[in-house]
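To keep things clear, I will list the structure first and then write my remarks on it.
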Amino acid sequence: MSVGTSRLHDSAVKHVTGQAIYTDDIPEPHGTLVGYLAQSKWAHARITRIDLAAVRTYPGVVGVFAAADIPGVNDVGPVLKGDIIFADSLVEYAGQALFLVVAADMKTARAAAKQAVVEAEELPALITIEQALAADSHLLPTETMKRGDAPAALTKAPQRLSGRVALGGQDHFYLEGQVSLAVPGEDGAVLVHCSTQHPSEVQHLVARALAIPDALVTVEVRRMGGGFGGKETQASLFAAAAALAATTLKRAVKVRLDRDDDMVMTGKRHDFLIDYDVGFDAAGTIQGLKLMLASRCGFSPDLSGAINDRAMFHADNCYFLEDVEVVSYRLKTHTVSNTAFRGFGGPQGMFAIELVLDEIARHLKLDPLAVREANLYGSSPRDTTPYGQTVEDNIAPEIIAELADWADYGRRRAEIAAFNASSPVLKKGLALTPVKFGISFTTTFLNQAGALIHIYTDGSIQLNHGGTEMGQGLFIKVAQVVATEFGVPLEQVRITATTTDKVPNTSATAASSGADLNGKAAQAAAIELRGRLAGVAAAEFGVAVEAITFKDGRVFGGDKSLSFGELAKKAHFNRVSLSAAGYYRTPKIWFDRATFSGRPFYYYAYGAAVAEVLVDTLTGEYKMTRADLLHDVGDSLNPTIDLGQVEGAFIQGAGWLTSEELVYDGKGQLRTHAPSTYKIPTAGDMPPVFNVKLVQNRPNREDTIYRSKAVGEPPFMLGIAVYQALRDAVASVAPNGLLPRFDAPATPERVLMAMEAVRAELPMSAPKVAAQ
Ligand code: MTE
Ligand code: MOS
């Protein structure tokens, strides 16, 4: 059986040998042109004049496209409108696209773009969350999630703490930037090769922009060089620009952003400002909690509604909050429209509650792990979330206990205290944090998928489904499902590119549900075909259909057997169709926006991490010295792929909270738009001791594909342990137990300043006392 075995990513060898074909590697049709997008230099301005005459006449320019050239809708907003393709009267962020210049090469297109005369009247710009809050600049209505009476519980609570923390955003830094190659066809049709997680949406939005039916637009993607949520909606503008030029000029047109343009022009993880007010008892059990989650959404709605909802849904993480009030402000700023990023708001909500628990623990001088454990979901009535879903599958307590044991948390905690007491300059920090992540799109209708399987008369199988491959291993997992259903070797299943003309009207590959949804859809198609083939075999062998089995590439019945290919040929001669579509929709889920309650998630995925850091107290520099991860994927479809997801997600989460800092200046210009200034983790940031394990013998209690669980996003939030370990290290230099407060990301500067602040009462050269 192929499912459950560690199979190599189908493209692993192609990835490392450079043979994998990404959008930019597709052999270009004869006469392919390139497009360059000219951008606004203002964050907020009313355009008074755009004169493109000199651009049009620039030698080598083949076409210039601006708002007036769009035959259809000048908007690629995915849910709500607002994502203008080409700005014409108003610009709302520095980097917003103004027009497209098309030429034979990029150098010409860029030089031509500079000839434009663009005049504008600059308007006051809101850049930061604080500015947007002060100006009451809301992009979407404020949402509140409430249970019990938080204000009363806070008043009654024996102890109370409050604080504010700023939590930074994150650039996706996919290795392959945004790119679309549009190839015009007959009758106004267009084929768009697009690096997108959501081909159907790109198809629909391109069609709207061109004012043509969806059926004239085909969007295809074999693979992305990473998406991480950054290609869930953000590919559409570039696809629409390329398709507009291609259909007008009747030439293939490619729009590919370089790294700087990609970082400036595309949305990122939402940064948040978090205010908390928490009441608790002597054991650290939370009695009342008020949270404010304010996020910078940028200039347009994009997916900000659902992302901020998910932040609210994860403000409980693994903990029971009886009297709670979470208020979510979705703020409009004159910055790029922030978007989906691994975890989709969940990490921000979870960061908040983990910070609150750590504050409580340090205030009470208790081990943060003990305080976390005291607050975990338990049996009824301590098993319902603030949004009313019962946590039926709670394995967080066992995972935490198993990890604490496996990672030697208790012993190392003591060792680190001893180390810190005797080490005046270098200090260590340790933390264990858990994760509970809800699986399903919270917008219920998105939880559906389709697949298409063809069996050819030689027995080879072509598999197609609506999911997209971005490196996460979705394609191999779905192929394993199909190979298992047919009892054939994995190699017999040919994986094909995602394309809107094979499986239509799909959802984005997002919310970690790619394998859950597409695996089930492909399984349905395979079961349908297997039934047909079994009928043919039963007639051929003279046995009952129930007696037919599929194994090792053969089909058995009684004492007879045929190869899978021989049976396929027989089916064809018997005029039995060898092609089938499969469909799946997730059961049991619903959500009522009006009351902010329901069962938005089919199930939860769990995990926990222990991180250890070593900090230089003179400079604030630090490194992660060890990490131990234990993560729940139910019954794994492919353990090697899942381990890769867990490791990568954890490191990406750690990067978010440590080195990856986005800096906008007062004019709304992104100052960190290249790897020179924006630091993602590198191989050298991997902890030298890195132990990663999947939870064993814990099948999903829901009927998911082979009882597996989604893995793409949940382990991202294991990275929170690294931030908490840094807090632990900073706390070790606080002589009077001052709380180790610093914003995220915890850059060395912030860590140093936090240490300076907590030890400010003492001369800095008093390590004996500082090492309490
Ligand atoms: N892994 C790789 N290698 N590259 C990616 O772009 N995206 C993540 C995650 N893992 C990503 C990845 C995100 S944001 C999601 S939602 C899931 O993969 C999507 O794929 P899945 O639903 O098949 O898990
Ligand atoms: Mo992932 S943020 O849901 O694309």
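The values are calculated or read from the model by the stated rules, or taken from the named source; none is laboratory data. Predicted, not measured: the structure shown is a model, and the values here were computed from it. Note that each Cβ is placed from the backbone with ideal geometry, even for glycine, and that neighbours are counted across all protein chains shown. The protein model used for the area step is the full one, side chains on, heavy atoms only, and it has no ligands, DNA or RNA in it. Shrake-Rupley method; radii C 1.70, N 1.55, O 1.52, S 1.80 Å.
Can you give the alpha-carbon Rg of segment 38-192 over 2.2 N^0.38 Å, where N counts its residues?
1.52
For residue 443, what residues show an amide H to amide H distance below 5 Å, using hydrogens built from the backbone and excluding near sequence neighbours?
Amide H to amide H, under 5 Å and 5 or more residues apart or across chains, residue 443 pairs with nothing.
Starting from the amide H of residue 664, placed 1.01 Å from N in the peptide plane, find each other amide H under 5 Å away whose residue is 5 or more places distant or on another chain.
Those lying under 5 Å, H to H, from residue 664 are 671.
Can you give me the solvent accessible area of residue 17 with a 1.4 Å probe, rounded to the nearest 10 Å²?
Surface accessible to solvent at residue 17 totals approximately 80 Å².
Quick check on my link table: of 81/268; 14/551; 502/551; 520/569; 477/502; 231/693, which ones sit more than 23 Å apart, alpha carbon to alpha carbon?
Check vs 23 Å cut-off fails for 14/551; 502/551; 520/569; 231/693.
Quick one: which of 717-728, 189-200, 1-12 comes out on top by average Cβ neighbours within 10 Å, and what's the full order, highest first?
717-728, 189-200, 1-12
Can you sort 516, 281 by solvent-accessible area, 1.4 Å probe, largest first?
I get 281, 516, largest accessible area first.
Relative contact order for segment 179-282: what is it in percent, counting Cα pairs under 8 Å that are at least 6 residues apart?
34
What whole number of Å gives the distance from the Cα centroid of segment 383-424 to the Cα centroid of segment 2-55?
Distance between centres, Cα-based: 42 Å.
Show the residues, 5+ positions off or on another chain, whose built amide H is closer than 5 Å to the amide H of residue 603.
Under 5 Å from the amide H of residue 603 lie the amide H atoms of 439, each far enough along the sequence or on another chain.
Nearest-5 percent of antiparallel DSSP beta bridges in the chain?
Bridges in the chain are about 80 percent antiparallel.
Would you give the gap between the C-alpha center of segment 273-331 and the C-alpha center of segment 98-160, rounded to a whole Å?
Here the answer is 19 Å between Cα centres.
Using the Cα centre of segment 312-402 as origin and beta-carbon charges of +1 (Lys, Arg) and -1 (Asp, Glu), tell me which of 318, 350, 381 is placed farthest towards the positive end of the dipole.
Result: 350, furthest along the dipole toward the positive end.
About its Cα centre, how strong a charge dipole does the chain have in debye, to the nearest 20, once Lys and Arg get +1 and Asp and Glu get -1 at the Cβ?
That gives the chain a dipole magnitude of about 480 debye.
I need the peptides 255-267, 410-422 ranked by packing, meaning the mean over residues of other C-beta atoms within 10 angstrom, with the highest value on top.
Order by mean packing, descending: 255-267, 410-422.
Per residue of segment 63-76, in order, report the coupling 6.51 cos²θ - 1.76 cosθ + 1.60 (Karplus, θ = phi - 60°) as ³J(HN,Hα) in whole Hz, putting x for Gly and Pro.
With the stated coefficients, segment 63-76 comes to x, 9, 10, 10, 3, 5, 8, 7, x, x, 8, 8, 6, 10 Hz.
Could the peptides 616-625, 130-139 be put in order, highest first, of the mean number of other beta-carbon atoms found within 10 Å of their residues?
Top of the packing list down: 616-625, 130-139.
Taking the Cβ of residue 581 as the centre, find all other residues whose Cβ is under 11 Å away and add up their charges (Lys, Arg: +1; Asp, Glu: -1).
Net charge around residue 581: 0.
Could you work out the relative contact order of the chain? I mean the mean sequence separation of Cα pairs under 8 Å and 6+ apart, divided by the number of residues, in percent.
Taking the mean separation of contacting Cα pairs over the length of the chain, I get 15 percent.
Out of all DSSP beta bridges with both ends in segment 455-574, state the antiparallel percent to the nearest 5.
Looking only at bridges with both residues in segment 455-574, the antiparallel portion is about 75 percent.
Given 20 Å bins starting at zero, what is the percent of C-alpha pairs of the chain in each, up to the one with the largest pair distance?
All Cα pairs, binned at 20 Å, distribute as 16, 46, 30, 7, 0 percent.
Quick one, what does Rg over Rh come out to for segment 637-772 if you take C-alpha atoms and the Kirkwood Rh?
Using only Cα positions, Rg/Rh for segment 637-772 is 1.10.
Suppose every K and R has +1 on its Cβ and every D and E has -1 on its Cβ; what is the size of the dipole of segment 95-219 about the Cα centre, in Debye to the nearest 20?
640
Using a 1.4 angstrom probe, figure out how much accessible area the chain has per residue, in square angstrom, rounded to the nearest whole.
36
Would you compute, from DSSP H runs of 4+ residues alone, the mean residue ellipticity of the chain at 222 nm, taking -39500 (n - 2.57) per run and dividing by the full residue count, rounded to the nearest 500?
Calculated at 222 nm, the ellipticity per residue is -8500 deg cm²/dmol.
Under the definition of Cα pairs under 8 Å and six or more residues apart, what whole-number percent is the relative contact order of segment 321-397?
Once normalised by length, the contact order is 26 percent.
For segment 631-708, with the dipole built from +1 on Lys and Arg beta-carbon atoms and -1 on Asp and Glu ones, taken about the Cα centre, which of 644, 690, 708 lies farthest toward the positive end?
690
I need the phi-derived Karplus couplings for segment 384-397: 6.51 cos²θ - 1.76 cosθ + 1.60, θ = phi - 60°, integer Hz, Gly and Pro marked x.
For segment 384-397, the Karplus curve yields 10, 6, x, 9, x, 7, 7, 7, 8, 10, 5, 10, 4, x Hz.
What's the FRET efficiency of residue 621 with residue 175 using the Cβ-Cβ distance as r and R₀ = 41 Å, to the nearest 0.05?
0.95
Quick check on segment 590-709: take the gyration tensor over C-alpha atoms, sort the square-rooted eigenvalues as a ≥ b ≥ c, and tell me if it's rounded (a/c under 1.5), prolate or oblate.
In terms of gyration-tensor shape, oblate.
For segment 615-631, just list the computed ³J(HN,Hα) in residue order, Karplus coefficients 6.51, -1.76 and 1.60, θ = phi - 60°, integers in Hz, with x standing in for Gly and Pro.
Calculated HN-Hα couplings, in order: 10, 8, 6, 8, 10, x, 5, 8, 9, 7, 9, 7, 9, 10, 10, 10, 10 Hz.
Any chance you could check the Cα centroid distance between segment 611-636 and segment 429-497 for me, in angstrom?
If we compute the Cα centre of each part, the gap is 31 Å.
Set the Förster distance to 25 Å, then compute FRET efficiency between residue 249 and residue 89 from the Cβ-Cβ distance, nearest 0.05.
Calculated transfer efficiency: 0.45.
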